[in-house]
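To keep things clear, I will list the structure first and then write my remarks on it.
The values are calculated or read from the model by the stated rules, or taken from the named source; none is laboratory data. If you're wondering where the values come from, they're calculated on a predicted model, not measured in any experiment. Don't worry about glycine lacking a Cβ; one is built from the backbone with ideal geometry, like all the others, and counts go over all protein chains shown.
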Amino acid sequence: MLGARMRDPIRVLKTRWARTLSDWVRFGRSLGPLVAELRERDTWDPERLRTWQTDRVRALLRHAYDNVPFYRRRFESVGFHPDDFSDLADLSRIPPLTKKDIRECAEEIFARGVERWRLKKGRTGGSTGEPTAFYRPSSEVAWHVASIRRCEEMLGIRPGDVMVRVGGVAYAATWQKRLYGLWESRVLGVHGLTCDYLDDDRLIKYIDTIADIEARVVGGYPSAMYLLATKMLEIGRRLPSVQIVWTSSEMLQPFQRERIREAFGVEAFDTYGAGDVPVASECAAHNGLHLFQSARLIEVVKEDGTSARPGEVGQVLVTSFYNWDWPYIRYDLGDLVEVSPPGPCVCGIRLPKVSRVLGRTGDYLVSPDGRRATVANLTLIFGPVARQVRAYQFFQEDPASVEIRLVPGYGYDSTTETFITDCVRSVLGEACRITVRTMQDIPTTPAGKRLLVVSKVPQQDRPEASGPSRGVSCP
Ligand SMILES: [Zn+2]
């Protein structure tokens, strides 16, 4: 135990060396200076940050108008010209970029003359049940990786820390991804434990693994971390090496936070990301999440298009400063957040805060043999078929069966269907009957929300999911 609390100098050196090497291979440079730049911008006063962002946005709007057919058309359709732009508030005249826009107009978002083969294609299964594909130059990916490292710094994670990530499965992963996974675990000390499903055996095995490797950092979906914490308490196990716990991808609910605190003896850091990009994170104050405004513009706007004020809820729109090849301007992440009052934070970071992220509540599908499948993992199945599936929803009436509701997209065929059912079967096991139903559109709730999971399974048959609110609600 003492060994876990002391830092192994060889491992620290190895991690630093491995990071530098991987930075040079991937980006042709070290990312240390980028992280340092972010660290500095995090302490700028709000006025300075706003001026810096305004300059970046002005240049991006001009570029998009001149070189990107989609934005030229869009700006003209609302009578907007880049010369009209003087303040960030002027952005409200430009409609947000939606997932539907990307699905229908992805080709027109490429800037003229861009060498497409240089761009990295990313796909996300979508927290709102709408898979999306996007394109990034390596310069933007470098800033994303730097943002992740800056976020880790904020949480108190140090190079050389042994980390465990209780996360989803990489469905249809490329060999490069698999190789990187090996590199992460063998060299960087970052171990992935999959939570596509969690039953009692797996939970106990994972607790043993975390103890064996003396992990200092453990993180993952709140729904999975909650099951892990519950099992620890049930069997009376403590994990004293763990000093930092973080959660991501779903809303961390108070009952989950409490259970994690009880089992691990530390306060969880709630973080909020989109795909693999960190958007906001709690700091040591655990009083709201700082929005990572230092590498992009993040707006929180109400339905009427105006900025949400403190205490108000709005949708999150992201504008990237580092992707001029396939620019996304005011991209709607599909999540809702509540804005915090302005003012300094005890951690010293000046970035604005949101008090909570709404709309990504974790839930589970269950199987007759006791498996509990986290929804955040199920969304990953749809990343590789982002073009073929426009929208989806899981419907479960009893543990013995699951209906996958799909809105077919471009090129949807029996291969797509087999891929999806095979993935879901690998999660829920053979004892659960899986059927697919294609439909024109996914029905929404009376409040207009599209649910990722509709479960009619009685509460007592899935007690681990019990909490103050039920169901997965996505705006
Ligand atoms: Zn803070």
Those residues of the stretch 13-59 that are in a loop (DSSP other than H, G, I, E, B) and touching a helix residue (DSSP H, G or I) at 6+ places or on another chain (Cβ under 9 Å) come to a total of 6
Exactly one of VAL245, VAL266, VAL279 is closer than 30 Å to GLU40 by Cβ, away from the ligand (no atom under 16 Å from the Cβ), crowded, with 18+ Cβ neighbours inside 10 Å and of a type in the set (A, V, I, L, M), and that residue is VAL245
Problem - So TRP143, is it assigned to a helix (DSSP H, G or I) and surrounded by fewer than 20 Cβ atoms within 10 Å (Cβ to Cβ) - result: no
GLU140 passes all but one of the listed conditions (1) at pLDDT 85 or above; (2) over 17 Å from the mean Cα position of the chain (by Cα); the exception is number (2)
ILE349 vs (1) within 16 Å of the ligand (Cβ to nearest atom); (2) buried (at least 23 other Cβ atoms within 10 Å of the Cβ): all pass except (2)
Of the listed residues (LEU252, LEU239), the one being under 17 Å from VAL337 (Cβ atoms), out of contact with any Cys (no Cβ under 7 Å at 6 or more places or on another chain) and not in a strand (DSSP E or B) is LEU252
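Tell me the residue from ASP83, ASP66, ASP101 that is in a helix (DSSP H, G or I), of a type outside the set (A, V, I, L, M, F, W, C) and within 13 Å of ARG330 (Cβ to Cβ), please.
Just one listed residue meets the conditions, ASP101.
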Of those in the stretch 295-305 that are of a type outside the set (D, E, K, R) and at pLDDT 90 or above, the residue farthest from the chain's Cα centre (by Cα) is VAL301
Flagged in the stretch 282-319 as in a loop (DSSP other than H, G, I, E, B), hydrophobic (A, V, I, L, M, F, W, C) and within 16 Å of the ligand (Cβ to nearest atom), in numbering order, are CYS283, ALA284, ALA285, PHE292
In the stretch 165-179, residues that are modelled with pLDDT of 80 or more and either in a strand (DSSP E or B) or on the phi > 0 side of the Ramachandran plot (or both) total 3
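Within the stretch 352-364, is there a residue that is without any contact (Cβ under 8 Å) to a residue 60 or more places away in the chain, within 16 Å of the ligand (Cβ to nearest atom) and either more than 14 Å from GLU250 (Cβ to Cβ) or buried (at least 19 other Cβ atoms within 10 Å of the Cβ) (or both)?
No, the stretch 352-364 contains no residue that is without any contact (Cβ under 8 Å) to a residue 60 or more places away in the chain, within 16 Å of the ligand (Cβ to nearest atom) and either more than 14 Å from GLU250 (Cβ to Cβ) or buried (at least 19 other Cβ atoms within 10 Å of the Cβ) (or both).
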| query | In this structure, is TYR135 assigned to a strand (DSSP E or B) and either modelled with pLDDT of 90 or more or farther than 20 Å from GLN315 by Cβ (or both)? | reply | yes
Quick count over the stretch 329-346, residues being within 16 Å of the ligand (Cβ to nearest atom), part of a loop (DSSP other than H, G, I, E, B) and buried (at least 19 other Cβ atoms within 10 Å of the Cβ), is 1
The lone condition TYR322 fails out of (1) in contact with a Gly (Cβ under 6 Å, 6 or more places away or on another chain); (2) more than 16 Å from the ligand (Cβ to nearest atom); (3) within 30 Å of ARG58 (Cβ to Cβ) is (1)
